[in-house]
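Below is one structure; the comments refer to it alone.
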Amino acid sequence: MELYLDANATTPVLPQARDAALAAMSDTFGNPSSIHGAGLRARAMVDGVRARARRLLGAPTGRLTFTSGATEGIQTAVLSALRSLQARRAAGEAIPTLLLYGATEHKAVPVALRHWNAVLDLGLELRAIPVGTDGRHDLAWLRRHAAQAGLVCTMAANNETGVVSDLEGIERALAGSGALWLVDCVQALGKLPLALGRHPIDYAPFSGHKLYAPKGIGLLYVREGAPFTPLLTGGGQEDDLRAGTENTAGIAALGAVLQALEERDGFKDPATLAQFRRTLVDALVEAFPGLVFNAPAEACLPTTINFSVPGVSSKVLLDLFDAAGLRVSGGSACSASKARPSDVLQAMGLPAWRASSAVRMSFGAVDAPETIAEAARRIRDCGASLQASCLSSLPGDGAAAPGLVTRFVSDGACCYLVCPPGARRCVVVDPLPAFTETIARLLRCQQLELAAVLDTHSHGDHASAAPDLWRASGQCPPSAALDALGWPQGLEALPLGDCRLERLPTPGHTADAVALVLRRGDATLLAFVGDTVMPGALGRSDFAQSAPHEFARSLRLLDARLGRRTPLLPAHDYDDRHATHLDAERAAQPLLAAALDGTLDDAAFAQTKAALEHDLAPTEYRTMACGARVDRGGACESVELDAAALERLLQAEPRPLLVDVRELYEQRVDHVPAFARDTTPQAVPLSALAGAIAGWLGMPADRALVFYCRSGNRSAQVARTMRRLGRANAWSLAGGLALQDDAVPAARPQPA
Ligand code: PLP
């Protein structure tokens, strides 16, 4: 069962609100502007809801109009304020020059300010009111700037952190300034006592869907005497404040919610909400040692908990919680699809790691104690799962050994941990500073001996992260002298369990570049090829330490020693293609084909390559591009399998191989989905993909491969990788497990 702890993003609709909306559509469906009985009944309903809202908001006077939501309310308020400034200026008055907004305001506010400032051609200066590390406005700053402000926008409570603003302090700071004042009350309704009429608040927008009403209904309060310009004009509805036939179903639903709130029907009192918070906080602290809260509890709404866990990204935590059926979000919902640090936490001056790994857990004011207790239980499960994967700072039991190859990727740069099953020795290839702590923790937790930390080439722009990794791991490098790339001098092959690593010199990208080839007996399993061959690109060879004239020979050496279908693992992978082989690259890169086929001599190859690399643009991560990408994997055939197609495939012979590509910490807290019940799905986390590719390439060609994950994103990456490597019948479950019917308990996937 899904537990929804993302109430600051939106809420479900209360049953009585649903009933009220249905009644408004079937019984009170009249147009409130009509003067017949049906219209009068609708009008009475609308006026009744408005009267109730006035009582609840403490707004006996002023205008209270229904809107489509808070964004519309904010637009209307900003337009009204700025239009009045424009009129004053047109009348020859000197107007204030600043538009102020809280630095942690919802995006709707600064964007609306910018928009209307430009549309009305006012040319006023927008300035963010700084906040402290507690998320509260800097009132001294505000006092200093208030006299120059035409409009000041603050929020009653923050949507990401739950920090409650000191409205009385702001009121004092603005006293005598003449500035208009907008207070975004979206997150406060139902959680904080509001008495709008007792403060000089000029505008206060509200949103129904944050408090158990449907999306598409909201309220805007405008103080008596505050300037007003309608955003929508037309039929004169809402006393000419907002034209358009009223959304009576939404208004009725909002009315039912406000009634429940007024009668405290289902809405919990502050002490109960505080107790709920303590229950969740206790579970979080126990499950994730080292966890830090990103706003002080005493300054926050009880229903919002924002935290970060050192060394664990918000992506990992969100995937983990989602697998456990806990719906939470990272930062704000609007930015959830982009991996961006939270603007709110950055504005609070929190360290970058906290701003980029924050998770927001927000429960609702009508949640039941059982929901909170079950959420706390699942949070503890999530902590245990992370610990078992050695991703927690608690010591693990070392039981879950890593796969043959584990990949760590940051901004397109890849680093690998190589650990053959059963071996207690491992090697790290192309270490990256971003993963020093994570890998060191993994080594400690799995009790793995670090046999070597190897680079595939020297880096022009930065030093190797190898010394840091040795230090962080607490282990000592081998006593034999190491060369510049970390290889023990004089060693032919580095033994690792039943495998060994061998080196192949591949000068080109740099003169010292090597490929590290992993072999078991006579079999070549895979090779780490650094930047020599990347999916869709050859490593650039225009550095001072490059050897462009040797590049083509190195490619031919790889061809001769590895063949064309050995998985090649690159040091950079800008397009999430994970691995490649020479067959795939030969088809994608004419220059590489020319080198292998001998149609260009080494000098001509170097010359053509130099032309390609002329003016290489940085990557989308704004980092230096390590090669000219000639194949970006843009348009490609669909790899997605919908539910009906999956059903057909499951009936086919041979049976498809189902592969769960979620990380093991996710798989551990979830059930096997119903469609996979009769088969034994493989468990191959995306991070361990490289070690499984050769096995899948070796399977009979008519056996379909079906990958699945939470959302369909990671599984699509894998299916596309396998297609590119020649498996035409590799598929990804469209929409992932999120679109499946509830999963059922069954056998867990088996490691590949
Ligand atoms: N202001 C705050 C504080 C919010 O949390 C939101 C919604 O996320 C909005 C404004 C925008 O509200 P709506 O979705 O009703 O337009």
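The values are calculated or read from the model by the stated rules, or taken from the named source; none is laboratory data. Here the structure is a predicted model, which means the values were calculated and not measured. Because the Cβ atoms are built from the backbone with ideal geometry, glycine has one as well, and the counts that use them run over all protein chains shown. Accessible surface areas use protein heavy atoms only, side chains included; no ligands, DNA or RNA. Shrake-Rupley method; radii C 1.70, N 1.55, O 1.52, S 1.80 Å.
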Tally, over segment 255-270, of residues that are within 15 Å of Val366 (Cα to Cα) and in contact with a helix residue (DSSP H, G or I) (Cβ under 8 Å, 6 or more places away or on another chain): 11
Candidate set from segment 424-452 (those that are closer than 16 Å to Ala413 by Cα and over 27 Å from the mean Cα position of the chain (by Cα)); member that is surrounded by the fewest Cβ atoms within 10 Å (Cβ to Cβ): Val429
Which condition number does Val312 fail, the rest of (1) in contact with a Phe, Trp or Tyr (Cβ under 7 Å, 6 or more places away or on another chain); (2) closer than 30 Å to Ser715 by Cβ being met? (1)
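Looking only at segment 167-181, which residues are open to solvent by 10 Å² or more (accessible area, probe 1.4 Å) and closer than 21 Å to Ala70 by Cα? Step through it out loud before you land on a result.
Looking only at segment 167-181, we keep the residues that are open to solvent by 10 Å² or more (accessible area, probe 1.4 Å), and these are 167-168, 171-172, 174-180.
Scanning segment 167-181 gives Leu167, Leu180.
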Spot the failing condition for Glu653; the list is (1) farther than 30 Å from Gly563 by Cβ; (2) more than 31 Å from the chain's Cα centre (by Cα); (3) of a type in the set (D, E, K, R); (4) part of a helix (DSSP H, G or I), and only one is missed. (4)
Condition set open to solvent by 50 Å² or more (accessible area, probe 1.4 Å) and touching a residue at least 60 places away in the same chain (Cβ under 8 Å), scope segment 53-70, selection nearest to the ligand (Cβ to nearest atom): answer is Ser68
By residue number, the members of segment 472-488 that are surrounded by 12 or more Cβ atoms within 10 Å (Cβ to Cβ) and either charged (D, E, K, R) or at pLDDT 95 or above (or both) are Ala472, Ser473, Gln475, Asp483, Leu485, Gly486, Trp487
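Conditions (1) within 13 Å of the ligand (Cβ to nearest atom); (2) assigned to a strand (DSSP E or B); (3) open to solvent by less than 10 Å² (accessible area, probe 1.4 Å), marked per residue:
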residue	(1), (2), (3)
Val183	yes, yes, yes
Pro193	no, no, no
Pro200	no, no, no
Phe206	yes, yes, yes
His209	yes, no, no
Ala213	yes, no, yes
Gly216	yes, no, no
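Filter segment 589-622 down to the residues that are under 23 Å from Val409 (Cα atoms) and surrounded by 15 or more Cβ atoms within 10 Å (Cβ to Cβ) and list them by number. Working first, answer last.
In the first step, residues of segment 589-622 are kept if they are under 23 Å from Val409 (Cα atoms); the result is 616-622.
Selection gives Leu616, Thr619.
Across segment 514-533, what is the number of residues that are out of contact with any Leu (no Cβ under 9 Å at 6 or more places or on another chain) and of a type in the set (A, V, I, L, M, F, W, C)? Give the steps one after another, and end with the answer.
Initial filter on segment 514-533 (out of contact with any Leu (no Cβ under 9 Å at 6 or more places or on another chain)): 520-523.
If we keep only those that are of a type in the set (A, V, I, L, M, F, W, C) as well, we get 523.
Residues flagged as out of contact with any Leu (no Cβ under 9 Å at 6 or more places or on another chain) and of a type in the set (A, V, I, L, M, F, W, C) within segment 514-533 amount to 1.
Can you tell me which residues in segment 70-102 are among the basic types (Lys, Arg) and touching a Leu at 6+ places or on another chain (Cβ under 9 Å)? Break it down stepwise before answering.
Filtering segment 70-102 down to residues among the basic types (Lys, Arg) leaves 83, 88-89.
Scanning segment 70-102 gives Arg83, Arg89.
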Under 9 Å between Cβ atoms, at least 6 apart or on separate chains: pull out the pairs that start in segment 366-394 with a residue that is closer than 26 Å to Leu189 by Cβ and open to solvent by less than 20 Å² (accessible area, probe 1.4 Å) and end on any residue that is of a type in the set (Gly, Ala, Ser) and modelled with pLDDT of 95 or more. Ala375/Ala283
Within segment 102-141, of all residues that are crowded, with 17+ Cβ neighbours inside 10 Å and among the β-branched types (Val, Ile, Thr), the one farthest from Ala90 (Cα to Cα) is Val131
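Against the condition acidic (Asp, Glu), buried (at least 16 other Cβ atoms within 10 Å of the Cβ) and not in a helix (DSSP H, G or I), how does Asp631 come out, does it pass?
Details: acidic (Asp, Glu): yes; buried (at least 16 other Cβ atoms within 10 Å of the Cβ): yes; not in a helix (DSSP H, G or I): yes.
The answer is yes for Asp631.
Among the residues of segment 82-101, what is the count of those that are more than 16 Å from the ligand (Cβ to nearest atom) and either of a type outside the set (Gly, Ala, Ser) or open to solvent by less than 10 Å² (accessible area, probe 1.4 Å) (or both)? Lay out the reasoning, then the answer.
Restricting attention to segment 82-101, the residues satisfying the condition of being more than 16 Å from the ligand (Cβ to nearest atom) are 82-100.
Right, trim to either of a type outside the set (Gly, Ala, Ser) or open to solvent by less than 10 Å² (accessible area, probe 1.4 Å) (or both) and you get 82-83, 85-86, 88-89, 93, 95-100.
So the answer is 13.
Got a sec? Which of Ser177, Ser165 is away from the ligand (no atom under 16 Å from the Cβ), more than 30 Å from Pro32 (Cβ to Cβ) and of a type in the set (Ser, Thr, Tyr)? Can you show your working first?
Numbers: Ser165 fails: away from the ligand (no atom under 16 Å from the Cβ).
Sole residue among the options that is away from the ligand (no atom under 16 Å from the Cβ), more than 30 Å from Pro32 (Cβ to Cβ) and of a type in the set (Ser, Thr, Tyr): Ser177.
State whether one or more residues within segment 269-288 are within 16 Å of the ligand (Cβ to nearest atom) and surrounded by 21 or more Cβ atoms within 10 Å (Cβ to Cβ).
Applying the first criterion (within 16 Å of the ligand (Cβ to nearest atom)) to segment 269-288 yields none.
Checked segment 269-288: no residue is within 16 Å of the ligand (Cβ to nearest atom) and surrounded by 21 or more Cβ atoms within 10 Å (Cβ to Cβ).
Residue-wise test of (1) closer than 23 Å to Pro270 by Cβ; (2) touching a helix residue (DSSP H, G or I) at 6+ places or on another chain (Cβ under 9 Å).
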site	(1), (2)
Leu194	yes, yes
Gly208	yes, yes
Val222	no, yes
Ala226	no, yes
Gly235	no, no
Leu241	no, yes
Thr248	no, yes
Ala252	no, yes
Output the number of residues of segment 142-155 satisfying the condition of being farther than 22 Å from Pro205 by Cα, in contact with a Pro (Cβ under 8 Å, 6 or more places away or on another chain) and either buried (at least 20 other Cβ atoms within 10 Å of the Cβ) or free of Cβ contacts under 8 Å to residues at least 24 places away in the same chain (or both). 0
Options Ala256, Ala249: the member that is open to solvent by 10 Å² or more (accessible area, probe 1.4 Å), part of a helix (DSSP H, G or I) and either within 16 Å of the ligand (Cβ to nearest atom) or more than 28 Å from Thr304 (Cβ to Cβ) (or both): Ala249
Any pair with Cβ under 8 angstrom, 6 or more apart, that starts in segment 276-298 at a residue that is within 22 Å of Pro341 (Cβ to Cβ) and polar (S, T, N, Q) and ends at one that is open to solvent by 10 Å² or more (accessible area, probe 1.4 Å) and assigned to a helix (DSSP H, G or I): Asn294/Arg354
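Out of segment 1-25, which residues are open to solvent by 70 Å² or more (accessible area, probe 1.4 Å) and either farther than 20 Å from Pro369 by Cα or within 16 Å of the ligand (Cβ to nearest atom) (or both)? Break it down into steps so the answer makes sense when it comes.
Taking segment 1-25 and keeping what is open to solvent by 70 Å² or more (accessible area, probe 1.4 Å), we get 1-2, 4, 12, 15, 18-19, 22, 25.
Tyr4, Pro12, Arg18, Asp19, Leu22, Met25 - these are the residues of segment 1-25 that are open to solvent by 70 Å² or more (accessible area, probe 1.4 Å) and either farther than 20 Å from Pro369 by Cα or within 16 Å of the ligand (Cβ to nearest atom) (or both).
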In the set Val630, Val661, which member is β-branched (Val, Ile, Thr) and within 24 Å of the chain's Cα centre (by Cα)? Val661
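Does Ala617 satisfy being farther than 25 Å from Leu501 by Cα, free of Cβ contacts under 8 Å to residues at least 40 places away in the same chain and within 31 Å of the chain's Cα centre (by Cα)?
On the way: farther than 25 Å from Leu501 by Cα: yes; free of Cβ contacts under 8 Å to residues at least 40 places away in the same chain: yes; within 31 Å of the chain's Cα centre (by Cα): yes.
When the stated conditions are applied, Ala617 passes them.
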For Leu79, only one of the following conditions fails: (1) more than 10 Å from Thr229 (Cβ to Cβ); (2) within 16 Å of the ligand (Cβ to nearest atom); (3) not aromatic (Phe, Trp, Tyr). What is its number? (1)
